[in-house]
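Report on the structure given below.
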Amino acid sequence: MRARSAASSLAPKPSGIDLRSAGHKRPLYLCAGHVTRDLEGSGWSFGGPVYFSSRTATALGCDVVAITRLAGSDLPLLKQKTPGIEWLSKPAGVTTTFENIYGSAGRTQRVHAQAPRLAVRDAGAVPLHPRIVHIAPVLREIGAAFLGKLAANRFVGLTAQGLLRSVNCDGVVSVAVDRSAPVAFQIADVSIVSVEDFDGDVAQARDLLARSRVGVLTDGHRVIHAQEEGRWFELPVVPQPIRNPTGTGDVFATALFVRYEATGNLERSLEFAATIAADWISAKDAGLFVTSSHVKGQ
């Protein structure tokens, strides 16, 4: 299936302007998905695509509004840790909670709690004219109705990982394509997935990516595969020391959406995003990275 026929009306509009230093009004970046608690030893930290992406968009010079659901007791701390981001969250009984276990065979994820799905009414208070809408589910919390409400007549970026997961009775995450996934890819101007998201099924990944105007398939430190209006090409990745694997894909995606929406140049936007992601994954202090002048000065 080809990308939606209306893609041309939503295509990136080249501006020739540096979004991070322009004196005019900052672009509005709207992100939706569940912020998570990521368990780490005896403690935890905030995570999830919407968390990492919102922080990265802020560092890249955007005003950011994020729609999420999490426990009411976690919201004040989230706001404290993410100054400058406007969080729209109705209180939930729990915050979606993940445990990431890294080993020689890759990452295993376990879910300990899950917040309620996002509903159309949760999008009722969002700004009317965001420059970029980022659909960033972590575990099937976004359905077709919510997608339609949020994405109409806007530039839409999709990180689809959360639409490609299911949880077994033991809480272990496995690959399973949600029924709303094809709709999401069809809506998206730019969609991004990793080979890991499909448990190595590259053919299935490319089929879904082809539904978007632009589709990007990542594979860790290996070559990036991308298509624009059906033209596929490759981009090499320079390996970096891995210090902060969690969130790297979200940092990459956000940098790509911001740069591509502004310039319409996919190859240069991919190079920019790959540089930002490489700096993130190798940063000694990931907590400071997304607010650093190093990111803003790229």
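I'd like the full set of residues that are surrounded by fewer than 24 Cβ atoms within 10 Å (Cβ to Cβ) and acidic (Asp, Glu), limited to the range 163-192.
Correct list: 170, 178.
Results for (1) in contact with a His (Cβ under 7 Å, 6 or more places away or on another chain); (2) of a type outside the set (Ser, Thr, Tyr); (3) at pLDDT below 95, shown as yes or no for each residue.
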position: 3; (1), (2), (3): no, yes, yes
position: 21; (1), (2), (3): no, no, yes
position: 43; (1), (2), (3): no, yes, yes
position: 59; (1), (2), (3): no, yes, yes
position: 81; (1), (2), (3): no, yes, yes
position: 84; (1), (2), (3): no, yes, yes
position: 95; (1), (2), (3): no, no, no
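Which condition does residue 160 not pass, out of (1) of a type in the set (Gly, Ala, Ser); (2) at pLDDT below 95; (3) buried (at least 16 other Cβ atoms within 10 Å of the Cβ), if it passes all the others?
Looking at each condition in turn, residue 160 falls short on (2).
Any idea which of (1) touching a residue at least 60 places away in the same chain (Cβ under 8 Å); (2) in contact with a helix residue (DSSP H, G or I) (Cβ under 7 Å, 6 or more places away or on another chain) is the one residue 46 doesn't satisfy?
Of everything listed in (1) touching a residue at least 60 places away in the same chain (Cβ under 8 Å); (2) in contact with a helix residue (DSSP H, G or I) (Cβ under 7 Å, 6 or more places away or on another chain), residue 46 misses just condition (1).
From 215, 249, 230, grab the single residue that is buried (at least 20 other Cβ atoms within 10 Å of the Cβ), in contact (Cβ under 8 Å) with a residue 40 or more places away in the chain and among the small types (Gly, Ala, Ser).
Selected residue: 249, the only one of 215, 249, 230 that is buried (at least 20 other Cβ atoms within 10 Å of the Cβ), in contact (Cβ under 8 Å) with a residue 40 or more places away in the chain and among the small types (Gly, Ala, Ser).
Which condition number in (1) modelled with pLDDT of 95 or more; (2) surrounded by fewer than 20 Cβ atoms within 10 Å (Cβ to Cβ); (3) under 29 Å from residue 101 (Cβ atoms) is the one that residue 207 fails?
That leaves (3) as the condition not met.
Among the residues of the range 220-251, count how many are under 18 Å from residue 45 (Cβ atoms) and either of a type in the set (Lys, Arg) or modelled with pLDDT of 85 or more (or both).
Of the residues in that region, 6 qualify.
The values are calculated or read from the model by the stated rules, or taken from the named source; none is laboratory data. Just so we're clear, the structure is a prediction, and the values are computed from it rather than from any experiment. Neighbour counts run over all protein chains shown; Cβ positions are idealised from the backbone, glycine included.
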